[in-house]
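The structure appears below as structure tokens.
The values are calculated or read from the model by the stated rules, or taken from the named source; none is laboratory data. All values derive from a computational prediction rather than experimental measurement. Please note: Cβ atoms are built from the backbone with ideal geometry, for glycine as well, and neighbour counts cover all protein chains shown. Note: areas computed on protein heavy atoms with side chains; ligands, DNA, RNA excluded. Shrake-Rupley method; radii C 1.70, N 1.55, O 1.52, S 1.80 Å.
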Amino acid sequence: MILTTDEKESPALGLAHFTVLGVPPLELVSLAAGIGYASIGLRLYPAFPGAPFYELPAGTASSQQMRSRLRDEGIQVHDIEFVTIDADFSAARLAGVLEAANALGARRLSVCGDDPDRSRLTANFASLCDLAAQYALGVDLECMAWRTVASFADALDVVSAADRPNGGLLVDALHLSRSGGRPMDLRTAPASLIRSAQLCDAVAERPTTPEALIKEARSARLPPGQGALPLRDLLDELPDGTALSVEVPLSGSADPQQHARANFLAAQQLFASLRQPRTA
């Protein structure tokens with residue numbers, strides 16, 4: 001359980017870069033700090049071919065500027081986004097990204113799985129964990145309904161079979177729901193494997209095609225507590241110490257700062273509701 005009724009303070013909250021992906025890293029740090037976020041994620045690897053990302057190579061002036069900004073603003077980098085482990089995956093290609101992540105003090109690397117060969121996918125996940133460990137990073141696997149690691153159970157199977165001490169699970173509220181999962185499914189995993197969770201909300205009706213699922217995930221999420229997802233139940237099930245962040249991608253021409261602030265305030269309202277006893 002993330003928060004109990006007798007706790008007065010809300011848990012620390014991170015801002016996933018995907019929420020305001022058009023904001024460059026230096027600006028993202030100041031934006032997050034000014035609103036009240038405790039940490040950020042950074043998109044240092046393209047989620048799919050042609051997707052936007054930023055480069056902050058270790059040892060460069062841009063990396064040093066970023067480290068100074070993080071220190072001055074009191075912000076941590078929680079995770080680096082976003083790697084797909086597919087049939088052509090090679091962990092060695094990520095050495096530069098992992099080195100950059102380490103230089104910025106990042107703690108986790110977020111990945112998804114999209115290789116139909118489960119044994120190869122598991123081996124590649126294990127190989128990535130081994131390489132990431134050299135840079136003091138953990139690796140969190142996230143399910144997505146349109147990929148081969150489609151469900152929480154799929155992700156748990158891969159992480160458990162890989163059996164790496166720095167391997168873990170990332171629970172995204174939308175992906176858990178759209179893959180047919182329920183918050184109580186988290187009880188099937190050892191608490192030590194659930195390292196991170198991303199909060200958002202959505203309408204009750206599930207999209208019926210892969211294309212519609214992707215569109216919803218990338219441009220039609222709602223702020224936490226403003227839709228139909230069982231977020232209170234999810235927060236009840238998350239183990240203590242789970243790193244929380246908001247991931248609600250900006251769509252249209254909305255102002256990034258206003259968008260990030262609105263989602264922060266929505267999350268605070270959700271946390272406040274956890275302090276109230278449930279009604280029968």
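With respect to the conditions (1) under 28 Å from Pro46 (Cα atoms); (2) free of Cβ contacts under 8 Å to residues at least 40 places away in the same chain; (3) of a type outside the set (Asp, Glu); (4) open to solvent by 50 Å² or more (accessible area, probe 1.4 Å), Gln257 falls short on a single one, namely (2). Does any residue of the stretch 40-48 turn out to be at pLDDT below 95, surrounded by fewer than 14 Cβ atoms within 10 Å (Cβ to Cβ) and on the phi < 0 side of the Ramachandran plot? Yes, the conditions are met somewhere in the stretch 40-48.
For the subset of the stretch 17-30 comprising residues that are over 14 Å from the mean Cα position of the chain (by Cα) and buried (at least 21 other Cβ atoms within 10 Å of the Cβ), which member is nearest to Ser251 (Cα to Cα)? Lay out the reasoning, then the answer.
Just the residues of the stretch 17-30 that are over 14 Å from the mean Cα position of the chain (by Cα), to begin with: 22-30.
Still in the list and also buried (at least 21 other Cβ atoms within 10 Å of the Cβ): 23, 25, 28-29.
Details: Val23: 13, Pro25: 19, Leu28: 17, Val29: 20 Å.
Residue satisfying both the conditions and the ranking: Val23.
Filtering Ser127, Ser160, Ser110, Ser192 for residues that are within 30 Å of Phe271 (Cα to Cα), open to solvent by 10 Å² or more (accessible area, probe 1.4 Å) and hydroxyl-bearing (Ser, Thr, Tyr) leaves a single hit, Ser192. Scanning the stretch 226-253 for residues that are open to solvent by 50 Å² or more (accessible area, probe 1.4 Å) and part of a loop (DSSP other than H, G, I, E, B) yields Gln226, Ala228, Pro230, Asp240, Gly241, Leu250, Ser251, Gly252, Ser253.
Here the helices (runs of 4 or more DSSP H) wholly within the stretch 35-153 that include at least 2 residues being closer than 16 Å to Ser196 by Cβ, free of Cβ contacts under 8 Å to residues at least 60 places away in the same chain and touching a strand residue (DSSP E or B) at 6+ places or on another chain (Cβ under 8 Å) are 118-133. Got at least one residue in the stretch 52-71 being over 18 Å from Leu42 (Cα atoms), at pLDDT 95 or above, of a type in the set (Phe, Trp, Tyr) and surrounded by 15 or more Cβ atoms within 10 Å (Cβ to Cβ)? No, the stretch 52-71 has no match at all.
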